[in-house]
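In what follows, a structure is listed as structure tokens, so that the remarks can point back to it.
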Amino acid sequence: MTDDRERWNEKYSTDEAFDLPDHPIPALERLIDAFPTGRALDVATGTGRNARFLARRGYDVDAVDVSDEALDRAASAADAEGVDGVTWIRSDIADYTFEPSTYDVITVSFFAALEHLPEIKEALSPGGVLVYEHHLRSSDPIDIGPSSDRYRYRANDLLRACLDLTILEYRERTRLDDEGRTQAVATLVGRNSAGGSQSYPRE
């Protein structure tokens, strides 16, 4: 954990090109009214954009990250915005204990965590929703994202890993960020439910 913590602390404190968005995952913001209320978990929270959004919407949020620097920035942003209701937790995701059937919403943003998905999904309460967004490998010209395909998902990797959930939305595409840079992104919204007649978000 120490190596990862030091690496990410250095990245957050010295890499001027490492500029994270300040708004939540678009699908989270768009569909939040259809999600169950209660407790939320933001995995690898970074500067806390998803955690702060969820707290503003009334969730009791646990926000986990390995980097002290990231958590300090996240907590400072929350204080500046007058946002409370977030517990900032310093932990490597590999060491974090995901309590089963605990969270009504779980968010994961730009963190390669396929090996942790079984535990993450088990932490969803019945009917709880996972919102996961990550970089894709692509043959298109891409401006931002990991420099190595090792940290990007292949087509349908994320979808296949979540087929035990009810898939409410799944997209793979290129898009522009706020600064006009192109990125290739997969976004999944999945609910901890299966079979039978179900309710679905209205577009």
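General remarks:
- Any chance Ile144 is aliphatic (A, V, I, L, M), over 30 Å from Tyr200 (Cα atoms) and either part of a loop (DSSP other than H, G, I, E, B) or in contact (Cβ under 8 Å) with a residue 12 or more places away in the chain (or both): yes
- Across segment 38-64, the qualifying residues are those that are open to solvent by 10 Å² or more (accessible area, probe 1.4 Å) and part of a strand (DSSP E or B), and the one among them that is farthest from Val108 (Cα to Cα) is Asp60.
- Inter-residue pairs, beta-carbon under 6 Å, first at negative phi and of a type in the set (Gly, Ala, Ser) and in segment 185-203, second at pLDDT 90 or above and open to solvent by 40 Å² or more (accessible area, probe 1.4 Å), 6+ apart: Ala186/Glu172; Gly190/Ile167
- Scanning segment 98-120 for residues that are open to solvent by 10 Å² or more (accessible area, probe 1.4 Å) and either polar (S, T, N, Q) or within 11 Å of Val43 (Cα to Cα) (or both) yields a count of 8.
- Meets criteria (closer than 22 Å to His23 by Cα, assigned to a strand (DSSP E or B) and open to solvent by 70 Å² or more (accessible area, probe 1.4 Å)) for Arg175: no
- Filtered residues of segment 69-122 (kept if in a helix (DSSP H, G or I), touching a residue at least 24 places away in the same chain (Cβ under 8 Å) and of a type in the set (A, V, I, L, M)): Ala70, Leu71, Ala74, Ala75, Ala77, Ala78, Ile93, Ala94, Leu114, Leu117, Ile120
- The set of residues from segment 82-134 being among the polar types (S, T, N, Q), over 19 Å from Gly58 (Cβ atoms) and touching a strand residue (DSSP E or B) at 6+ places or on another chain (Cβ under 6 Å) comprises Ser91, Ser101, Ser109.
- Flag for Leu188 being surrounded by 12 or more Cβ atoms within 10 Å (Cβ to Cβ) and in a helix (DSSP H, G or I): no
So that you can scan it fast, the table gives a plain yes or no per residue for (1) charged (D, E, K, R); (2) buried (at least 16 other Cβ atoms within 10 Å of the Cβ):
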site: Ile142; (1), (2): no, yes
site: Asp149; (1), (2): yes, no
site: Ala155; (1), (2): no, no
site: Arg160; (1), (2): yes, no
site: Ala184; (1), (2): no, yes
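- Residues (among the aliphatic types (A, V, I, L, M) and at pLDDT below 95) located in segment 129-182: Ile142, Ile144, Leu176
- Residues that are among the small types (Gly, Ala, Ser) and within 22 Å of the chain's Cα centre (by Cα), drawn from segment 185-203: Ala186, Gly190, Ser193
- Gly180 vs. criteria in contact (Cβ under 8 Å) with a residue 24 or more places away in the chain, open to solvent by less than 50 Å² (accessible area, probe 1.4 Å) and not acidic (Asp, Glu): no
- Of all residues making up segment 123-140, the number that are touching a residue at least 60 places away in the same chain (Cβ under 8 Å) and either open to solvent by less than 40 Å² (accessible area, probe 1.4 Å) or part of a loop (DSSP other than H, G, I, E, B) (or both): 9
The values are calculated or read from the model by the stated rules, or taken from the named source; none is laboratory data. Nothing here was measured: the structure is a model prediction, and the numbers come from that model. Note that each Cβ is placed from the backbone with ideal geometry, even for glycine, and that neighbours are counted across all protein chains shown. When the accessible area is computed, the model is the full protein with side chains, heavy atoms only, and any ligands, DNA or RNA have been set aside. Shrake-Rupley method; radii C 1.70, N 1.55, O 1.52, S 1.80 Å.
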